[in-house]
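The values are calculated or read from the model by the stated rules, or taken from the named source; none is laboratory data. Keep in mind the model is a prediction, meaning the values are calculated, not measured. Positions of Cβ are backbone-derived with ideal geometry, glycine not excepted, and every protein chain shown enters the neighbour counts. What goes into the accessible areas is simple: the full protein's heavy atoms, side chains included, and nothing from ligands, DNA or RNA. Shrake-Rupley method; radii C 1.70, N 1.55, O 1.52, S 1.80 Å.
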Number of protein chains: 2
Amino acid sequence: MGLLDYFISSRSKGTANVAKERLQILVAHDRAARDRPSYLPQLQEEILAVIRKYVDVDLSSVSVNYEQEDSHEVLELNIILPDTLQNQA
Amino acid sequence: MGLLDYFISSRSKGTANVAKERLQILVAHDRAARDRPSYLPQLQEEILAVIRKYVDVDLSSVSVNYEQEDSHEVLELNIILPDTLQNQA
């Protein structure tokens, strides 16, 4: 909830006059079992595949951040969408 | 980047001693074309389907927030994962 509020307020301030389609995906995982391998890297591929069903994503327009700490990990995808987007269904 | 930093610091403070598996997904879309229908609701279903390939998600453990403003929209999924998770591959 706090995260969402923060996000919305930061959006409102900075980007109102930038007519750029942008998609940001954040996946955060609090892990109780630290010994298991992370599935976020695979999840990233699959989420991108899902998004590409809806919008034309140039993979060079995708930037990925992945941070792993002791008991949590965060995957962040930033996607700049092409300007031709509005011609799509 | 600012969002990621905020997220990581808020995680670190509050949840270090809670051994609960939790997955949070945030999808934010800055839209240039406001007249097109949003695809985030469908995206939500598909992302959940992808996640369920990796972990056993009880749909009653999923809470969804969706906020739509003039030129941006945010979809937030909060998933409490079952404790039996560590028995999975």
Query raised in the report: Here are some conditions: (1) surrounded by 13 or more Cβ atoms within 10 Å (Cβ to Cβ); (2) modelled with pLDDT under 70; (3) of a type in the set (D, E, K, R). Residue A:5 meets all but one. Which one does it not meet?
Result: (1)
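Would you tally the residues in the stretch B:51-71 being of a type outside the set (A, V, I, L, M, F, W, C), within 12 Å of another protein chain (Cβ to nearest Cβ) and in a loop (DSSP other than H, G, I, E, B)?
Here is the first cut: in the stretch B:51-71, the residues of a type outside the set (A, V, I, L, M, F, W, C) are B:52-54, B:56, B:58, B:60-61, B:63, B:65-71.
Among the residues that remain, those that are also within 12 Å of another protein chain (Cβ to nearest Cβ) are: B:52-54, B:63, B:65-71.
Cutting the leftovers down to in a loop (DSSP other than H, G, I, E, B) gives us B:69-71.
The number of residues fulfilling the criteria is 3.
Out of curiosity, is residue B:86 open to solvent by 80 Å² or more (accessible area, probe 1.4 Å), polar (S, T, N, Q) and modelled with pLDDT of 60 or more?
Numbers: open to solvent by 80 Å² or more (accessible area, probe 1.4 Å): yes; polar (S, T, N, Q): yes; modelled with pLDDT of 60 or more: no.
It is false that residue B:86 is open to solvent by 80 Å² or more (accessible area, probe 1.4 Å), polar (S, T, N, Q) and modelled with pLDDT of 60 or more.
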Query raised in the report: So which residues in the stretch A:26-45 are facing chain B (nearest Cβ under 8 Å) and either on the phi > 0 side of the Ramachandran plot or within 12 Å of the chain's Cα centre (by Cα) (or both), if there are any at all?
Result: A:26, A:27, A:28, A:43
Report task. Please determine, by comparing only the residues of the stretch A:8-22 that are in contact with a helix residue (DSSP H, G or I) (Cβ under 9 Å, 6 or more places away or on another chain) and modelled with pLDDT of 60 or more, which one is most open to solvent (accessible area, probe 1.4 Å). Result -> A:20
Query raised in the report: Only one residue in A:47, A:51, A:25, A:80 is modelled with pLDDT of 90 or more and open to solvent by 30 Å² or more (accessible area, probe 1.4 Å). Which one?
Result: A:80
